[in-house]
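Only the coordinates and a few stated rules stand behind these numbers; no lab work does. In this text the structure is predicted, and so the values were computed from the model without any measurement. Note that each Cβ is placed from the backbone with ideal geometry, even for glycine, and that neighbours are counted across all protein chains shown.
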Amino acid sequence: MAAGSMTKVGRRVLTPAEEVAAVLIAMKKTTASRLVKYFDQAELKQITRAVSQLGPVPKPQLETIVEQLAAFFADGANLIGTAREMEKLLEGVLPPEQIAEIMADVLGGGERSIWDRISNGSETALAAYLIKEHPQTAALILSKVKPACAAKVMAQLPAPMRNAVMRRMLTFKPIVETTMKMIEQTIHEDFMINLARNAAADTHSRMADIINKMERQSMEEVLDNLTQSRPKSAEILKSLLFTFDDIINLTPRARTTLFDQIPHEKVILALKGTSGQLRNVVLSALTARARRLVEHELEGGEPASQRDVHEARRAITDQALEMAARGEIELSSADSDETYIR
């Protein structure tokens, strides 16, 4: 919106958007926040842009514009509008991602429009992206995002990569501005745009995580219902699910890596009542000493409750899902046709 024109006495005539911006900034935040909820995204961008260009607004002019709201004005004070004022007003009213998008649009490209947006996004998505990149690239990105975001992403990286990234972050040299702009543009196209395109996939991942934690019967009922009503979504979800029986689809190396992290007592509980084939597959992933211990307990141990067995199996599948998210194992072998319920 173009800036307002000047009157003969030098007072700038405010545009409608600037008038709205002035009123919102002059109000108490709690009152203004209730009004902000009624604006759509385009209107918020327009108002925020108007605030960033507002400059000083004399108190008499404010009273002329909104005389009926004079009770909300600061006593005897003029008003200076800034983009930061509008950002503070939006905080707590809109999600951080939406605020970042509005402010990035108003303030233009550059560091804020990419690094703040990444910082306010999904740490899991960023970690998955960085795992596929060179440690030097990952180090650069994590050195630019907010520390809280970097810490959460670091926790999801495999230990060798995490250590390599930390070493590189400690030895960074300044990057020339033109090179930095090229890097920002590449990251915007490669990560932010693809992230938006994959929003639906994130929804399926969250739903798969919920279904993964259901009892087997409930899981089957949900999938059967989805197959009838939304067959495409059901197929996507099935590809993301992983149950205890799916351990048979893991590669020998993945199984060994997984069961190295599982206490023997949980393995013993989880194997009670399993088929001979699945039991042998799991036992083959254990060390010789651990295998003898588990076999001995299975042959002569006390029976366990179904609840304890189920919890042990759930703990193992949760561990597998977490390790897969960190890139430490893959949940299916190359020749596996299905990775869900059989």
>> Kirkwood hydrodynamic radius, region 218-342, all distinct C-alpha pairs: what's the number in Å?
In response: 15.4 Å
> At M180 and R289, where each label point lies 7 Å from the Cα along Cα→Cβ, what is the point-to-point distance in nanometres?
Replying inline: 5.4 nm
>> Need one number: convex hull volume per residue for region 270-315, Cα atoms only, in Å³.
In response: 74 Å³
> Assuming R0 = 41 Å, what is the FRET efficiency of H264 and D224, from their Cβ-Cβ distance, to the nearest 0.05?
Replying inline: 0.65
>> Please list 3J(HN,Hα) in residue order for region 219-227, calculated via the Karplus relation 6.51 cos²θ - 1.76 cosθ + 1.60 where θ = phi - 60°; whole Hz, with x for glycine and proline.
In response: 4, 5, 5, 4, 5, 4, 5, 5, 4
> Can you give the FRET efficiency for K29 and A151, using 1/(1 + (r/R0)^6), R0 = 35 Å, r = Cβ-Cβ distance, to the nearest 0.05?
Replying inline: 0.70
>> Run the reach check for K29 against lysines, Cα to Cα strictly under 20 Å, same-chain hits fewer than 8 apart removed. What comes back?
In response: K37, K45, K59, K88
> If you plug each phi of region 280-297 into the Karplus form 6.51 cos²θ - 1.76 cosθ + 1.60 with θ = phi - 60°, what whole-Hz ³J(HN,Hα) values come out, in order, with x for Gly and Pro?
Replying inline: 5, 5, 5, 4, 5, 8, 8, 5, 4, 5, 5, 5, 4, 4, 5, 4, 4, 5
